[in-house]
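For reference, the structure is listed below as structure tokens.
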Amino acid sequence: MKQNKSKGITLISLVITIIVLLILAGVTIAMLTGDNGIIGKAGEAKFKTELSAVAEEYDLYVIERTSKDRNFEEGALYAGKNALIYDSITEEGNIYTVLKNSDKKYVDNFEVIKGELFYFTQNEQEKKWAQEIGIKVSPYIIIDGELMSSNTNLDLMDKVTGTIVIPQNVTKIGNGAFRDVTGLRSIVIPGTVKEIGEYAFSGNPTLENVVIEEGVEKIGAFAFQACTALKSIKIADSVSEIGSTCFGNCTALAEINFPKALKTIPYRMLSNCTSLTEIEIPEGIERIDTFAFEVCSNLTRVKIPSTVTSISGSAFQFTGKLTNIEISEANNTYTFSNSSLMSKDGKKLYYVISNTAEINIPETVERIEWGALSAYSQKAVLNISKNVKTIDTVFETNTITQINVVEENQYFKSLDGNLYTKDMTTLIRYTQNESSFTIPDTVKIIKNNAMCAQNNLSQLILPENLESIGTFIINYTKITQLDLGENVNNLNSASFSGRNVNLTISKNNPNFKTEDGTIILSKDGKKLLAVSKDLTTYEIPSSVENIGPSAFYSKNNLKEINLPANIKNIESGAFDYSINFQKVTIQSNIENIATDAFSRCNSLKEIIIDKKEGEISGAPWGCPYGLRAVFWKK
């Protein structure tokens, strides 16, 4: 018995000894590791010592410069990886010249901006240590060379001059990086930046002058949109790509150049730039895209070079003062005569100057291009000749009061002054502007803008055979009710844009249904396809899993929406152009958000998503404010 007791005591002692050793080991590890551990403290001390040495070397450099030149002003000095600049003059050298004796691994993260030494890091611990020894930390968030959208991006702005310096370790100015900021008046984009992201400077009300230096290659869509104080911009010849609507609504812009590397003037590039009076397009430009100069209301002259081989007629839409389009004699594609821009062979009509009450399409014309007559500004009768085979034009005003088609034309027909295809299956344009219109029973397709701007029209009776409804068909009308039959198989929110329309859909329609006259669903209820009313709130049925393309297109009364938990997918352009949309909350069941789901949502500052950061790819999904608008809840 005594022997067993002895063994028991020994076992207990062994257990106690092990526990004590484990405790001591834990204490030792804690003392060695962690922020307050011996190893952590040693790392902190080493880091601070080495950064202090860098700061001291910079101070010595300034003292040396001052001793050589008593007029030396430290605030005029800039040094980065690729340049050493004093008082706007580039000198030989760079940051490694200034800090030639310091450890390169640290020098790589330093720049001198306006005479002050800044340390660039995304490591929060390093930021804290640097600040504790009096070294300034850059407020910019730079990830893999991209200057991200952040509320701190103006912290280094000179408040007197309204200028900032883009660090030379930046290769891309991120989407929405400086969107909708106030106080920035002038910016030079250095050639070290290869790309200016979408919406990068858009909505900036104070920006007046921009210089884009040689080396920049791409300017993203909407990059300077609605910079209403922007007067001039100088674009380096290295820029080969400019995104759509890049300078749209820059109403003060009077000076701009087209870089030599550019081949296409893109969609709405200079839309609503009302201070432009003349544009001379240089040799090398090959394409002028849709709406490129629309609503440039003071534009009087455009010169087109020999190299241009493609022009969208709608490029000059709503340019009421444009009377002179000069075409280079060496251009083999276009001619301008009798107030009309046409193809050299006379077969295509691109644009007609608004100056007569009767528009007679020449007999050589076979195709009327999209936009050729869409913004004709005075009341006129349109006479279509016998050889016209294709009409792409979109009518956006009510100035064409009657359309006549000669009997010999085999492709189109006029009935009561309205335009149809010859077989009467497609309504192209209604012109009579009466209070009520019954579309003939033969019509299966209503083309885009068919009734647009018929401002007296309050009742539209659709035929039973109708299959397809185009976009913007009832913009600027008085229509509030539409009854869709069982054969309709094509429509979207843009079909009803501009009106609050109550919808009924035949119960026999195999494609669509509506439960409240506002939201249009797929027949199984799983996909929200379109919204016919512009409301402040919407009740999305619990059956809906997908928000379809352009479902909430241009819903300008919508400011906030909380998407229900059943939503799994938000498709392309789902909330496109809802310009007053400010906040969306998305639940954790979401699986996919299209990269442009929130494109042109110019007021969207909060995308709250119940996921861990990065669980859904593509952020910020086209939101103009970039990543600063995205808030991850987990």
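The values are calculated or read from the model by the stated rules, or taken from the named source; none is laboratory data. Small disclaimer: the values here were computed from a predicted structure and weren't measured. Here Cβ is always computed from backbone atoms with ideal geometry, including for glycine, and neighbour counts include all displayed protein chains.
Brief remarks on what is shown
- Restricting the stretch 440-498 to residues that are surrounded by fewer than 20 Cβ atoms within 10 Å (Cβ to Cβ) and of a type in the set (D, E, K, R), the residue that is farthest from Ser522 (Cα to Cα): Lys478
- Condition broken by Arg65, with the remaining ones in (1) touching a Phe, Trp or Tyr at 6+ places or on another chain (Cβ under 7 Å); (2) within 25 Å of Ala45 (Cβ to Cβ) satisfied: (2)
- Test: residue in the stretch 255-274 that is assigned to a loop (DSSP other than H, G, I, E, B) and touching a Lys or Arg at 6+ places or on another chain (Cβ under 6 Å): no
- The conditions of being surrounded by fewer than 19 Cβ atoms within 10 Å (Cβ to Cβ), within 18 Å of Ala357 (Cβ to Cβ) and modelled with pLDDT of 95 or more are not met by Asn409.
- Residue in the stretch 275-287 that is touching a Pro at 6+ places or on another chain (Cβ under 6 Å), closer than 25 Å to Ala177 by Cα and either in contact (Cβ under 8 Å) with a residue 24 or more places away in the chain or not in a loop (DSSP other than H, G, I, E, B) (or both) present: no
- Residues that are part of a loop (DSSP other than H, G, I, E, B) and either in contact (Cβ under 8 Å) with a residue 60 or more places away in the chain or farther than 19 Å from Ser435 by Cβ (or both) within the stretch 464-474 comprise Glu464, Asn465, Leu466, Glu467, Gly470, Thr471, Phe472, listed in sequence order.
- Test result for Val160, over 19 Å from Asp596 (Cα atoms) and under 21 Å from the mean Cα position of the chain (by Cα): no
- Selection status of Lys555, farther than 18 Å from Asn489 by Cβ and surrounded by 22 or more Cβ atoms within 10 Å (Cβ to Cβ): yes
- When the test is whether a residue is acidic (Asp, Glu) and modelled with pLDDT under 95, Glu396 passes it.
- Members of the stretch 170-189 that are surrounded by fewer than 20 Cβ atoms within 10 Å (Cβ to Cβ) and not β-branched (Val, Ile, Thr): Asp180, Gly183, Arg185, Ser186
- Taken as a whole, the structure places Ala375 among residues that are within 34 Å of the chain's Cα centre (by Cα), modelled with pLDDT under 95 and not in a strand (DSSP E or B).
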